[in-house]
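*Asks:* Once you've had a glance at the structure underneath, I'll fire off some questions.
The values are calculated or read from the model by the stated rules, or taken from the named source; none is laboratory data. Here the structure is a predicted model, which is why all the values come from computation and not from measurement. Cβ atoms come from the backbone with ideal geometry, glycine included; neighbour counts cover every protein chain shown.
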Amino acid sequence: MTFSSELWDRGAASVYEQIVRHPFITGLTDGTLDHDAFQYFITQDSHYLRAYSRALSLVAGRATDEDAVSMFALHAANAIAVERELHTSLLGSLGLTPADVDAAGSGPTTTAYMSYLTAVCATGTYAEAVAAVLPCYWIYRDVGRELLKRSSPDPLYAKWIATYGSEEFDAVVEQVLAVTDTLDVGTAERERCHQHFATTCRYEWMFWDAAYHKLDWPVR
Ligand SMILES: Cc1ncc(C[n+]2csc(CCO)c2C)c(N)n1
């Protein structure tokens, strides 16, 4: 069994089932998701992508072969490019500017997820860092594929679905899975990889759930 399938079976299989059943996800394809929840999601995702890009740069910096260095560095740059594209198109259609995103700040779940990723990528081993960033790619590819079968009557949601359900995105994820499967991991390190992978899978579910409930800080 490959390392990636081992990670998925232990850490993602059950969470993934709960993600595809989540009302945020089902609401995207049947068009019932309210625009306020989507706006919250895109705003928080803009914050998330900034931190994710930095986390990927840390992974790139400690990758053990040149192909992996260049792949993660490219993805780090692309995460910023995706953010710009989101700003100009989806946020514009929602009537929001980058200043609104800054003013909204990062919510509790976004902050927790970003902090976890940053900590693991800064202080864990290379393999641990890869395991922590992997659910972001993999879950989005599988959710995107699943949603593409149904698309959405709402053009905003259809655009979002098309980005992650695309063949280009699938090729990106396959490259990261190939890198994951060549990692050389010791026994104790393997367990830590499982922990990080399972934790960031849970954060992926929580990210959609926070948007659905428009979760805010309980005190200010
Ligand atoms: C909460 C959240 N999780 C995953 C992604 C998807 N994603 C963001 S950057 C990147 C790889 C580099 O381009 C991927 C797959 C997202 N947007 N938001």
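*Asks:* Would you check if E17 is assigned to a helix (DSSP H, G or I), of a type outside the set (A, V, I, L, M, F, W, C) and modelled with pLDDT under 95?
*Replies:* Judged against the criteria, E17 is not a match.
*Asks:* Out of all the residues in region 121-150, which are more than 16 Å from the ligand (Cβ to nearest atom), small (G, A, S) and surrounded by 17 or more Cβ atoms within 10 Å (Cβ to Cβ)?
*Replies:* G124, A127
*Asks:* For region 79-97, give me the residue count where each residue is within 10 Å of the ligand (Cβ to nearest atom) and either free of Cβ contacts under 8 Å to residues at least 12 places away in the same chain or touching a strand residue (DSSP E or B) at 6+ places or on another chain (Cβ under 9 Å) (or both).
*Replies:* Number satisfying all stated conditions: 1.
*Asks:* Something else about it: Please specify each residue of region 35-75 satisfying the condition of being closer than 27 Å to P155 by Cβ and more than 11 Å from the ligand (Cβ to nearest atom).
*Replies:* Within region 35-75, H35, D36, A37, F38, Q39, Y40, T43 qualify.
*Asks:* Which condition does Q18 not pass, out of (1) closer than 23 Å to K159 by Cβ; (2) over 15 Å from the mean Cα position of the chain (by Cα); (3) touching a residue at least 40 places away in the same chain (Cβ under 8 Å), if it passes all the others?
*Replies:* (1)
*Asks:* Hey, another quick one. Kindly indicate whether A127 is farther than 20 Å from W205 by Cβ and in contact with a Cys (Cβ under 6 Å, 6 or more places away or on another chain).
*Replies:* Yes: the conditions hold for A127.
*Asks:* Looking only at helices (runs of 4 or more DSSP H) that lie completely in region 104-183, which have at least 3 residues being modelled with pLDDT under 95?
*Replies:* Per the criteria, 126-148, 155-164, 167-180.
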